[in-house]
Amino acid sequence: MIEDDVWLGVHVVVMPGVTIGRGCVVGANSVVTRSLPPYSVAAGVPAREIRKRLEFTPPAAIDWQKEDDVPYFYRGFETSAEERRNHAKEGGHLAAGDFALSLRPGPRGKICVRMKDLSGGRAIVESCGKSYALSDAVADYEFDVDKRECNRPATSTFSVKDGPVVVTSAWTR
């Protein structure tokens, strides 16, 4: 699996079952045999991490207005500077479909997401067995974190039906 914003040099080989984390850079002619963490730089045969592009340490809470929190709105968001300016009136990051957030797990295994529906009352968001029909006003929604992820920073995935939705913040409990 190759996640968002990955750059692969010419003639890179990625072996089956490997995940290349968001924001990775893999040097030319490398052979990736093991999964690479987000925002790392790797090269060689086999590819080894040689440095970090960004110290990826998910916090316990994220807010769309904080520039340092943008990488933790992990997948499915429009987060470029231009997209954030275009969606500022909605008051959050736009997710037109499924999205993922990366947060440090909380003691109760819960993640709370503050979001709203932009589809006129049709959006439903689902994660870890819970689903909510969203309001067109900003509201808080609580989900369980996948128990397999509780001892490490978790990337929680959310499925959106009939979006788009706007996410303003998220935190763990």
Of the accessible area of the stretch 1-124, with the probe set at 1.4 angstrom, what percent is carbon plus sulfur?
-> 51
To the nearest 20 debye, what charge dipole does the stretch 38-173 have about its Cα centre, counting +1 at the Cβ of each Lys and Arg and -1 at the Cβ of each Asp and Glu?
-> 460
What number, in percent, do you get for the relative contact order of the chain if the mean sequence gap of Cα pairs under 8 Å and at least 6 apart is divided by its residue count?
-> 20
Any idea how far apart residue 81 and residue 33 come out in nm if each label point goes 7 Å out from Cα toward Cβ?
-> 4.1
What 222 nm value per residue comes from the helices of the chain, counting each DSSP H run with n ≥ 4 as -39,500 (n - 2.57) and dividing by all residues, nearest 500 deg cm²/dmol?
-> -1000 deg cm²/dmol
Using a 1.4 Å probe, what is the accessible area per residue for the chain, in Å²?
-> 51
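When Lys and Arg each count +1 and Asp and Glu each count -1, what net charge do the other residues less than 13 Å away from residue 119, Cβ to Cβ, add up to?
In short, -1.
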Within the set 66/130; 66/89; 52/130; 130/161; 66/110, which residue pairs have Cα atoms separated by over 24 Å?
-> 66/130; 52/130
With a 10 Å radius around each residue's Cβ, average the other Cβ atoms per peptide and rank 45-51, 87-93, 23-29, highest first.
-> 23-29, 87-93, 45-51
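Could you tally the net charge around residue 161, taking each other residue with its Cβ under 13 Å from the Cβ of residue 161, Lys/Arg +1 and Asp/Glu -1?
Summing Lys and Arg as +1 and Asp and Glu as -1 gives -3.
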Along Cα→Cβ, 7 Å out, is where each label goes; now give me the distance between the ones at residue 60 and residue 108 in nm to one decimal.
-> 1.3
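The values are calculated or read from the model by the stated rules, or taken from the named source; none is laboratory data. Note that this is a predicted model, so its numbers are computed, not measured. Because the Cβ atoms are built from the backbone with ideal geometry, glycine has one as well, and the counts that use them run over all protein chains shown. In case anyone asks, the SASA skips ligands and DNA or RNA and just uses the protein heavy atoms, side chains included. Shrake-Rupley method; radii C 1.70, N 1.55, O 1.52, S 1.80 Å.
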